[in-house]
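Enquirer: Take this structure first; my questions come after.
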Amino acid sequence: MKIINATLRKTPGLHTITCEGAQISAITLQSAHIPAQAGDIDARGQLLIAPFVEPHIHLDAALTAGQPEWNLSGTLFEGIERWAQRKETITHEDTKLRAHATIRMLAEHGIQHVRTHVDVTDPTLAALRAIIEVRDEARHLIDLQIVAFPQEGIESYAGGRELMTLAVELGADVVGGIPHFENTREQGVSSIKFLMDLAERTGCLVDVHCDETDDPHSRFLEVLAEEARVRGMGSRVTASHTTAMGSYDNAYCSKLFRLLKASKINFVSCPTESIHLQGRFDTFPKRRGVTRVAEIDRAGMNVCFGQDSIKDPWYPLGNGNILRVLDAGLHICHMMGFEDLARSLDLVTDNSARTLNLGEGYGIAVGRPANLVVLDAESDYEAVRRQAKARVSIRAGKVLMTRVPEQVEFS
Ligand code: FE2
């Protein structure tokens, strides 16, 4: 298979990308636009990118908003109440059906790599067992990383440590945590030490819901970063949300950044969800409740955007389109200068792939997997401005999905 007349990000000129089997076998610079032969995919000068990555989603809760009741206040706390109602009726098949439907939405938008958090504070680990099956069943559409996510805490939940350990034994790829939710500061700290030990012992990656609050005194990020630094595990560790950083004072944050840089950990921000759920105790002025994305990026650290929820009790919108989150995130994080716009897809492709530790399993280079997406835009800037859709998605050297761009005709 050949993709001709492709524009590659950060590389001038038109290119032909040749795929043999499931791998990219050649990338050649064209001297001019070339006509398509039978079987070629003509990118028509538009962007050919490595697939979008969804680094933070909750597939086990997706598509449950309004069941049985809607979250009327829109708050995190009513979301927890609504989720408790819905949890009573959840079945293995129901979880799988919703997860598959959500994965299809993601794949339709050119996403081929997904990290999902799955609630393991359930003595039966029902959701985890369902999502592990989904990971295999959906392999033709996406690669799925599963995080053992202790929604109700590790230390504060009866049997929390045992459930985390069992979740990894059953096949979770990533160890999660929620230190700011533990009953005490000491439990938050010990939960991080426990989860880092578990990850180090088992070779799992780490992704912690860390300081997802407006409380400026929620400072578990420093604990996570220091544990990662001392153990030399930083590139395998991710701090998700860190919304409290949006409320830290600058003097503390300046000291914190020294540690964060030394630790080499990754960051995920979910700007649509955070701006919706945070700032709820404020009157005016009202905080954005989002971490310091631009500042993390400027400091040379790795940060990416995720969707977090699709139509669940905490967040009622979402459709699988990561460019919608990118658009919102660039607004919310004050990243609308042209240099940011011109490399904005980094935040939903390369940076996210680094967070997921995809390594040589990702990217447009000879010998790498032939997982590619033709976007209906010729640059990062146009992609985000026009909310460009994936025109063609290629997976393992085969066309997975094509889309006919909509046409508007004035009469
Ligand atoms: Fe989350």
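The values are calculated or read from the model by the stated rules, or taken from the named source; none is laboratory data. Because the structure is predicted, anything quoted here is derived from the model rather than measured. With ideal geometry, Cβ positions are generated from the backbone for all residues, glycine too; neighbour counts draw on all protein chains shown. Heads up: the accessible areas ignore ligands, DNA and RNA and are worked out on the full protein's heavy atoms, side chains in. Shrake-Rupley method; radii C 1.70, N 1.55, O 1.52, S 1.80 Å.
Enquirer: Is it the case, given these coordinates, that Arg82 is more than 15 Å from the ligand (Cβ to nearest atom), of a type in the set (Lys, Arg) and either touching a strand residue (DSSP E or B) at 6+ places or on another chain (Cβ under 8 Å) or free of Cβ contacts under 8 Å to residues at least 40 places away in the same chain (or both)?
Expert: No; evaluated as a whole, the condition is false for this residue.
Enquirer: Given the conditions (1) within 16 Å of the ligand (Cβ to nearest atom); (2) in contact with a Leu (Cβ under 8 Å, 6 or more places away or on another chain); (3) open to solvent by less than 10 Å² (accessible area, probe 1.4 Å), which single one is not true for Gly153?
Expert: All conditions pass for Gly153, except number (2).
Enquirer: State yes or no: is Asn319 in contact (Cβ under 8 Å) with a residue 40 or more places away in the chain, assigned to a helix (DSSP H, G or I) and on the phi < 0 side of the Ramachandran plot?
Expert: no
Enquirer: Only one of these is within 16 Å of the ligand (Cβ to nearest atom) and under 30 Å from Phe77 (Cβ atoms): Leu356, Leu317. Name it.
Expert: Working: Leu356 fails: under 30 Å from Phe77 (Cβ atoms).
The match here is Leu317.
Enquirer: Is it fair to say Glu295 is out of contact with any His (no Cβ under 6 Å at 6 or more places or on another chain) and within 12 Å of the ligand (Cβ to nearest atom)?
Expert: Details: out of contact with any His (no Cβ under 6 Å at 6 or more places or on another chain): yes; within 12 Å of the ligand (Cβ to nearest atom): no.
No; evaluated as a whole, the condition is false for this residue.
Enquirer: Count, please, the residues in the range 128-150 that happen to be hydrophobic (A, V, I, L, M, F, W, C), open to solvent by 10 Å² or more (accessible area, probe 1.4 Å) and either within 16 Å of the ligand (Cβ to nearest atom) or under 12 Å from Ile103 (Cβ atoms) (or both). Full working, then the answer.
Expert: Looking only at the range 128-150, we keep the residues that are hydrophobic (A, V, I, L, M, F, W, C), and these are 128, 130-132, 134, 138, 141-142, 144, 146-149.
From the residues that got through so far, the ones that are open to solvent by 10 Å² or more (accessible area, probe 1.4 Å) too are 132, 141, 144.
Okay, now just the ones that are also either within 16 Å of the ligand (Cβ to nearest atom) or under 12 Å from Ile103 (Cβ atoms) (or both), so 141, 144.
Residues meeting the conditions: 2.
Enquirer: With the condition being over 23 Å from His331 (Cβ atoms) and open to solvent by 30 Å² or more (accessible area, probe 1.4 Å), I'd like the helices (runs of 4 or more DSSP H) fully within the range 237-305 carrying at least 1 qualifying residues.
Expert: 250-263
Enquirer: Would you pick out the residues in the range 371-384 that are part of a loop (DSSP other than H, G, I, E, B) and under 21 Å from the mean Cα position of the chain (by Cα)?
Expert: Asn371
Enquirer: Could you list, in sequence order, the residues of the range 338-357 that are open to solvent by less than 40 Å² (accessible area, probe 1.4 Å) and not hydroxyl-bearing (Ser, Thr, Tyr)?
Expert: Asp340, Leu341, Leu345, Asp346, Leu347, Val348, Asn351, Ala353, Leu356
Enquirer: Now for a separate question. Within the range 183-200, is even one residue free of Cβ contacts under 8 Å to residues at least 60 places away in the same chain, buried (at least 21 other Cβ atoms within 10 Å of the Cβ) and assigned to a loop (DSSP other than H, G, I, E, B)?
Expert: no
Enquirer: Before we move on, is Val189 in contact with a helix residue (DSSP H, G or I) (Cβ under 9 Å, 6 or more places away or on another chain), closer than 18 Å to Arg161 by Cβ, within 16 Å of the ligand (Cβ to nearest atom) and β-branched (Val, Ile, Thr)?
Expert: It is false that Val189 is in contact with a helix residue (DSSP H, G or I) (Cβ under 9 Å, 6 or more places away or on another chain), closer than 18 Å to Arg161 by Cβ, within 16 Å of the ligand (Cβ to nearest atom) and β-branched (Val, Ile, Thr).
Enquirer: Here's something else I'd like to know. Does the range 23-36 contain any residue that is open to solvent by 30 Å² or more (accessible area, probe 1.4 Å), touching a residue at least 24 places away in the same chain (Cβ under 8 Å), hydroxyl-bearing (Ser, Thr, Tyr) and in contact with a Ser or Thr (Cβ under 6 Å, 6 or more places away or on another chain)?
Expert: Yes.
Enquirer: Okay, next question. For the range 385-408, what are the residues that are surrounded by fewer than 17 Cβ atoms within 10 Å (Cβ to Cβ) and either in contact with a Pro (Cβ under 7 Å, 6 or more places away or on another chain) or part of a strand (DSSP E or B) (or both)?
Expert: Listed by number, the residues that qualify are Ala396, Lys398, Val399, Thr402.
Enquirer: If only one of Gly337, Gly397 is out of contact with any strand residue (DSSP E or B) (no Cβ under 7 Å at 6 or more places or on another chain) and not acidic (Asp, Glu), which one is it?
Expert: Just one listed residue meets the conditions, Gly337.
Enquirer: Against the condition of a type outside the set (Asp, Glu) and more than 21 Å from Ala388 (Cα to Cα), how does Ile332 come out, does it pass?
Expert: no
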